[in-house]
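K.L.:
First the structure, which I've put down as structure tokens, then a few questions once you've had a look.
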Amino acid sequence: MKLCVVIFTVLIPTIYCLSDQEEWQQFKTQHGKTYRSLLEEKRRFDIFKSNLRVIDEHNQRFNNGEETFEMRINQFGDLSQEEFHQMLSLQKDQIPSRGDDFALLDDNEDLPKEVDWKARGAVTTVKDQGHCGSCWAFSAVGAIEAQVFLKNGTLESLSAQNLVDCARGEYVNKGCKGGLMDYAFDYVKDHGVLTDKKYPYTSDTGLVGKCKKQGGVKISGYKDIPEWDEQALAKAVAVKGPVSVGVDALHMRFYSKGVITKKSGCKSRRENLNHGVLVVAYSEDYWLVKNSWGKTWGEKGYFRLKRNDGNTCGVATIASYPTLD
């Protein structure tokens, strides 16, 4: 994707497009990229150029009305599709069966057409998980943060690092190598989770990090939402607050804005899920989802998924939310 700027002269504006090399230098500076050797940098530059072509072709289709979302280069620009896939770390092989006893509203009661917990102040700022496969931890603490806010009116970031370091062993999760929100909820029920201030995020140290502290906010349990049931997911979001979900994020790497649909290539079955995120709102047309790839990714750290279109990207396949006494 060519990055072009408009330079205004006295009479005629001139459009100037950066070369691949200029975009590469800008990318390295913006994201603090360094490489071990010239050979490695050349390999990364080749991947970067290939990604630029993919983005450019996609955006041409978007401008022609053939795609539903736009792309742009971001921190993943020097990764191949295979490397990006390896970063995605939801422990889908450990997903338990879902319950079928979910009921929050009478069947005759209408759901609100729109719900937005972000606008209501129940959602903390977007975080960046970095190179650690800790999406599951950020999704879990995001859901707990909202429940604490709804109970006592205070909003504070809870520690994903606390879960990365401590919710292991009997809790199945594997730190930076992946995990699952339900197992994170099990840990918080038993031991609690501390605030970010008391247990700051360190990104990569969770690979072999020891559990430093325990305590903090506890939950009474969690509720699983029946698989593939978008109506039940909407009920949970409307009545209970933000909900932790798993999605297939393989084709979201360069998402910039718009609504992601099944046309992106994303799958919906549990074996395809690879990323833990947080549904914080919905409209008649889409789910608004909080990600953990930083504020500069997507729509200020968020993305939108098509709603009521056959469980887009698996948004309703393993949804769950925590409960407080």
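K.L.:
Which residue pairs have Cβ atoms under 7 Å apart, sit 6 or more places apart or on different chains, and have a first residue in segment 74-93 that is closer than 16 Å to CYS135 by Cβ and assigned to a helix (DSSP H, G or I) and a second that is of a type outside the set (Phe, Trp, Tyr) and open to solvent by 60 Å² or more (accessible area, probe 1.4 Å)?
P.N.:
LYS92/GLU271
K.L.:
Among the residues of segment 242-257, count how many are in contact with a Ser or Thr (Cβ under 6 Å, 6 or more places away or on another chain) and either closer than 20 Å to ASP229 by Cα or small (Gly, Ala, Ser) (or both). Let's see the steps before the verdict.
P.N.:
Let us first name the residues in segment 242-257 that are in contact with a Ser or Thr (Cβ under 6 Å, 6 or more places away or on another chain), namely 244, 251.
Of the ones still in play, those that are also either closer than 20 Å to ASP229 by Cα or small (Gly, Ala, Ser) (or both) are 244.
Residues that pass the stated criteria total 1.
K.L.:
Regarding LYS240, is this residue of a type in the set (Lys, Arg) and under 16 Å from the mean Cα position of the chain (by Cα)? Before the answer, list the steps.
P.N.:
Numbers: of a type in the set (Lys, Arg): yes; under 16 Å from the mean Cα position of the chain (by Cα): no.
Considered against the rule, which asks whether it is of a type in the set (Lys, Arg) and under 16 Å from the mean Cα position of the chain (by Cα), LYS240 comes out as no.
K.L.:
Still on this model: So how many residues does segment 16-39 have that are under 20 Å from HIS131 (Cα atoms), without any contact (Cβ under 8 Å) to a residue 12 or more places away in the chain and surrounded by 10 or more Cβ atoms within 10 Å (Cβ to Cβ)?
P.N.:
Number satisfying all stated conditions: 3.
K.L.:
Another question, then. Just one of LYS210, LYS218, LYS240 is more than 30 Å from ILE55 (Cβ to Cβ) and modelled with pLDDT under 95; which is it?
P.N.:
Details: LYS218 fails: modelled with pLDDT under 95; LYS240 fails: modelled with pLDDT under 95.
Testing whether each residue is more than 30 Å from ILE55 (Cβ to Cβ) and modelled with pLDDT under 95 leaves just LYS210.
K.L.:
Further, regarding this structure: Within segment 213-247, how many residues turn out to be of a type outside the set (A, V, I, L, M, F, W, C) and open to solvent by less than 60 Å² (accessible area, probe 1.4 Å)?
P.N.:
Total meeting the criteria: 14.
K.L.:
For segment 258-281, does any single residue satisfy the condition of being open to solvent by 10 Å² or more (accessible area, probe 1.4 Å), under 25 Å from GLU156 (Cα atoms), in a strand (DSSP E or B) and out of contact with any Ser or Thr (no Cβ under 7 Å at 6 or more places or on another chain)?
P.N.:
no
K.L.:
Now a separate question. Starting from residues that are open to solvent by less than 20 Å² (accessible area, probe 1.4 Å) and among the polar types (S, T, N, Q), keep the ones in segment 126-167 and report whichever is nearest to LEU278 (Cα to Cα). Can you show your working first?
P.N.:
As a first pass, look at segment 126-167 and keep what is open to solvent by less than 20 Å² (accessible area, probe 1.4 Å): 126, 129, 132-137, 139-146, 158-167.
Keeping just the survivors that are among the polar types (S, T, N, Q) gives 129, 134, 139, 159, 161-162.
Working: GLN129: 14, SER134: 13, SER139: 5, SER159: 16, GLN161: 17, ASN162: 18 Å.
Taking the candidates together, the pick is SER139.
K.L.:
On to the next question. Checking LYS92 against (1) open to solvent by 50 Å² or more (accessible area, probe 1.4 Å); (2) at pLDDT below 95; (3) within 30 Å of ASP20 (Cα to Cα); (4) not acidic (Asp, Glu), which test does it fail?
P.N.:
(3)
K.L.:
Across segment 287-317, which residue is nearest to the chain's Cα centre (by Cα) among those that are of a type in the set (Val, Ile, Thr) and under 20 Å from GLY265 (Cβ atoms)?
P.N.:
So the first thing to find is which residues in segment 287-317 are of a type in the set (Val, Ile, Thr), and the list is 289, 296, 312, 315, 317.
Retained after the next criterion (residues that are under 20 Å from GLY265 (Cβ atoms)): 289, 312, 315, 317.
Numbers: VAL289: 7, THR312: 15, VAL315: 11, THR317: 15 Å.
Looking at the filtered set, the residue picked out is VAL289.
K.L.:
So which residues in segment 172-198 are assigned to a helix (DSSP H, G or I) and either of a type in the set (A, V, I, L, M, F, W, C) or open to solvent by 20 Å² or more (accessible area, probe 1.4 Å) (or both)? Give the derivation first.
P.N.:
Kept after step one, since they are assigned to a helix (DSSP H, G or I), are these residues of segment 172-198: 175-177, 181-191.
Across segment 172-198, the qualifying residues are CYS176, LYS177, MET181, TYR183, ALA184, PHE185, ASP186, VAL188, LYS189, ASP190, HIS191.
K.L.:
Identify all residues within segment 284-306 that are of a type in the set (Lys, Arg), buried (at least 18 other Cβ atoms within 10 Å of the Cβ) and within 22 Å of ALA146 (Cα to Cα); write none if there are none. Steps first, please.
P.N.:
Taking segment 284-306 as the starting set, the residues that turn out to be of a type in the set (Lys, Arg) are 290, 295, 300, 304, 306.
Those still in the list that are buried (at least 18 other Cβ atoms within 10 Å of the Cβ) too: 290, 304, 306.
Scanning segment 284-306 gives LYS290, ARG304.
The values are calculated or read from the model by the stated rules, or taken from the named source; none is laboratory data. For clarity, every value in this text was computed on a predicted model and none was experimentally measured. Using ideal geometry, Cβ is built from the backbone for each residue, glycine included, and neighbour counts are taken over all protein chains shown. Only protein heavy atoms, including side chains, enter the accessible area calculation; ligands, DNA and RNA are left aside. Shrake-Rupley method; radii C 1.70, N 1.55, O 1.52, S 1.80 Å.
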